[in-house]
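Colleague: Dropping a structure here in structure tokens format, bear with me for questions.
The values are calculated or read from the model by the stated rules, or taken from the named source; none is laboratory data. Treat the numbers as computed from the prediction; the structure is a model and nothing was measured. Here the Cβ positions follow ideal geometry from the backbone for every residue, glycine too, while neighbour counts run over all protein chains shown.
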Amino acid sequence: DRIDMEELYGRYEAAMVLSAAGDALGYKNGEWEICRSGRDIQRELRNMGGIQAIHVKPPYWIVSDDTVMHLATSEAMTGCKAPSKGELYREIARKYKECMNDMAYRSPGVTTLSETSQLRPDDPDWKRGCRLPFKSSGGGCGAAMRSMCVGLRYPSENELRDLVAVSVEAGRMTHHNPTGYLGSLTSALFTSYAIRGKSPREWGAGLMSVLPLAKEYIISQAFYVDENLQAWGYFNNKWQTYLTQKGLLDGRRDPLADRTDADERDSFYTSLSFDGVGGASGHDAPMIAYDAILQAGKNWGELCKRAMFHGGDSDSTGVIAACCYGAMYGYQGVPEGNYKDIEYHDRLVHEAKKLFHLAQLEKHRRKGQDQA
């Protein structure tokens, strides 16, 4: 159905473009990313005239490293001509190294910088060139904030194993620790659920059912398996605790409205975090984004308040939440000024188009196989 296809493409475009808007809004050229008080950020926002009045464009609202790396992930997937996964991983590593030239004023993480410098994508053996050793300190959010496009590339249930493999491998190129790369998997998975129209109340339960597949994948790869399995519990337990607390473990009911103010939210997000900065780790960046999506529904302003304007790593939670919002609702309720002149707008639209076509081609290919 042509109308449905147009509507679906519109959501692909909004997912990519709004992800950058969420990033730029949460980042505010680094000022809001490092501010530890949601109340102060929201006061400043009110003085600017609120979300409606914000015109997101350079030089005052540039995107951070999150969007630069999200584009790198996407451009690797859409630009890779070879069908093999190994070639895809080499292309992702290549793009990650390349995009490090575009990090001035964008605050890339220390782990990401040090690990990308060690990748060797031109090594004919991708496992040697694109995989780095396990890292006990690799649990940051740098993998989670750049993999939503993996969910747009592999959106359907029967592509789940591809989604798991690509999000895990792309994630552990810089964050070889389950807390880091399972964040990459979560962002990709939630975006695939969003584009598929799965109710957000079911996403958390869906994640818990997919984690064993990810563990199976890690074991099958025979690479630092013991270290990964020893560190596996933290991510799993944090999500189990959060979903239990919210009554979302079985995915059958919407959570209760939390009606929190900015200080209460900051304190709740801090309680989810690894070291006191909500959204700075692989487990809690997608968790805070998810919490914001559940509480905000179709209200963009409310989503921004919860995912972009809090006292934690607000660009990383913002980039994930806004991508899922766009994947579900398109541009509904979003002031044009928030996104139409966003930095890299044309590249984001171009990637949305290519991801959409690749996903549709895959769907038709599988349909043909089933009929044969």
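Colleague: Name the pairs whose Cβ atoms lie under 7 Å apart, with the first residue in segment 357-372 and under 17 Å from Thr78 (Cα atoms), the second assigned to a helix (DSSP H, G or I), and 6 or more positions between them or separate chains?
Modeller: Note: pairs meeting the criteria are Leu358/Thr78; Leu358/Arg153; Ala359/Leu152; Ala359/Arg153; Glu362/Glu159.
Colleague: If a residue has to be without any contact (Cβ under 8 Å) to a residue 40 or more places away in the chain and either among the aliphatic types (A, V, I, L, M) or in a helix (DSSP H, G or I) (or both) to count, how many in segment 289-300 make the cut?
Modeller: Matching residues across segment 289-300 total 2.
Colleague: Moving on. Test Thr317 against the stated conditions and say whether it is over 20 Å from Pro200 (Cβ atoms), in a helix (DSSP H, G or I) and among the β-branched types (Val, Ile, Thr).
Modeller: Here the answer is no, as Thr317 does not meet what is asked.
Colleague: Mind checking whether some residue in segment 124-142 is surrounded by fewer than 24 Cβ atoms within 10 Å (Cβ to Cβ), under 24 Å from Leu358 (Cβ atoms) and touching a Phe, Trp or Tyr at 6+ places or on another chain (Cβ under 7 Å)?
Modeller: Within segment 124-142 (the criterion being surrounded by fewer than 24 Cβ atoms within 10 Å (Cβ to Cβ), under 24 Å from Leu358 (Cβ atoms) and touching a Phe, Trp or Tyr at 6+ places or on another chain (Cβ under 7 Å)), the answer is yes, since at least one residue qualifies.
Colleague: Among the listed residues Gly312, Gly326, Gly279, which satisfies the condition of being touching a Ser or Thr at 6+ places or on another chain (Cβ under 8 Å), within 17 Å of Ile51 (Cα to Cα) and either buried (at least 24 other Cβ atoms within 10 Å of the Cβ) or modelled with pLDDT under 95 (or both)?
Modeller: Gly326
Colleague: Does any residue of segment 191-211 turn out to be buried (at least 21 other Cβ atoms within 10 Å of the Cβ) and basic (Lys, Arg)?
Modeller: So far as segment 191-211 goes, no, none of its residues is buried (at least 21 other Cβ atoms within 10 Å of the Cβ) and basic (Lys, Arg).
Colleague: Inside segment 258-284, can you point out the residues that are within 20 Å of the chain's Cα centre (by Cα) and either over 17 Å from Ala321 (Cα atoms) or not aliphatic (A, V, I, L, M) (or both)?
Modeller: If the condition is that a residue be within 20 Å of the chain's Cα centre (by Cα) and either over 17 Å from Ala321 (Cα atoms) or not aliphatic (A, V, I, L, M) (or both), then Tyr269, Thr270, Ser273, Phe274, Val277, Gly278, Gly279, Ser281, Gly282, His283, Asp284 are the ones that fit.
Colleague: Among Cys35, Cys80, Cys99, which is hydrophobic (A, V, I, L, M, F, W, C), surrounded by 14 or more Cβ atoms within 10 Å (Cβ to Cβ) and in contact (Cβ under 8 Å) with a residue 40 or more places away in the chain?
Modeller: None of the others qualify; the one that does is Cys35.
Colleague: Turning to a different aspect of this structure: When you check Pro58 against the structure, is it at pLDDT below 95 and either among the small types (Gly, Ala, Ser) or outside any helix (DSSP H, G or I) (or both), yes or no?
Modeller: no
Colleague: How many residues does segment 203-221 contain that are aromatic (Phe, Trp, Tyr) and closer than 15 Å to Gly171 by Cα?
Modeller: Count: 1.
Colleague: In this structure, does Glu6 turn out to be without any contact (Cβ under 8 Å) to a residue 60 or more places away in the chain, of a type in the set (D, E, K, R), part of a helix (DSSP H, G or I) and out of contact with any strand residue (DSSP E or B) (no Cβ under 9 Å at 6 or more places or on another chain)?
Modeller: yes
Colleague: A follow-up question, please. Has segment 30-41 got any residue that is of a type in the set (A, V, I, L, M), modelled with pLDDT of 95 or more and more than 21 Å from Cys324 (Cα to Cα)?
Modeller: Residues of segment 30-41 that are of a type in the set (A, V, I, L, M), as a first pass: 34, 41.
Going one step further and asking which of them are modelled with pLDDT of 95 or more, we end up with 41.
From what is left, the residues that are more than 21 Å from Cys324 (Cα to Cα) are 41.
Yes, the conditions are met somewhere in segment 30-41.
Colleague: Which helices (runs of 4 or more DSSP H) does segment 212-288 wholly contain that include 2 or more residues that are touching a Gly at 6+ places or on another chain (Cβ under 9 Å)?
Modeller: In segment 212-288, 233-245, 262-272 are the helices (runs of 4 or more DSSP H) which contain 2 or more residues that are touching a Gly at 6+ places or on another chain (Cβ under 9 Å).
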